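Participant: Okay, handing you the structure first.
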Amino acid sequence: MSVTGGKPAPNRSKVKKLPTVIEARCKGCGYCIQFCPKDVLAFSDKFNAKGYYVPVTALPEACTGCGMCEMVCPDFAIYLVEDPAAAADVPVKVKAAEESKS
């Protein structure tokens, strides 16, 4: 039996998400960089307040939003947020789809 009780899953928007680092929490372990399947993250040249190099999004266009970086971070210092540029396009796409139905 499916989670939705046999009904099709709801249509989820495909808004691009990008990793964001809470620099104060990061201890520079590099797990997020090591386990990213698309090599999106890299160490930056700057230190955080604790003296660790923190990761940055080096290849944002390659990010698939899989969330692996979130899952492997032992300090919960990285999370995915909607890309503001992609999020700005969503209402336009929805509006266009609604107009085409009319």
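Participant: Work out, step by step, the length gained on full extension between Thr64 and Tyr79: first 0.36 nm times the residue separation, then minus their alpha carbon distance; give nm to one decimal.
Facilitator: 4.1 nm
Participant: Now a separate question. Looking at region 26-89, which chymotrypsin sites (Phe, Trp or Tyr not before Pro) are DSSP coil and have at most 12 other C-beta atoms within 10 Å of their C-beta?
Facilitator: Passing both the DSSP loop test and the Cβ count: Phe76.
Participant: By count of other Cβ within 10 Å, fewest leading, how are Ile33, Ile22, Ile78 ordered?
Facilitator: Going from sparsest to densest Cβ surroundings: Ile22, Ile33, Ile78.
Participant: Something else about it: Quick one: order Thr20, Thr57 by neighbouring beta-carbon count within 10 Å, fewest to most.
Facilitator: Ascending Cβ contact count within 10 Å gives the list Thr20, Thr57.
No lab work stands behind these numbers, since they all come straight from the coordinates. From a predicted model like this one, the values you see are computed outputs, not experimental measurements. Here Cβ is always computed from backbone atoms with ideal geometry, including for glycine, and neighbour counts include all displayed protein chains.
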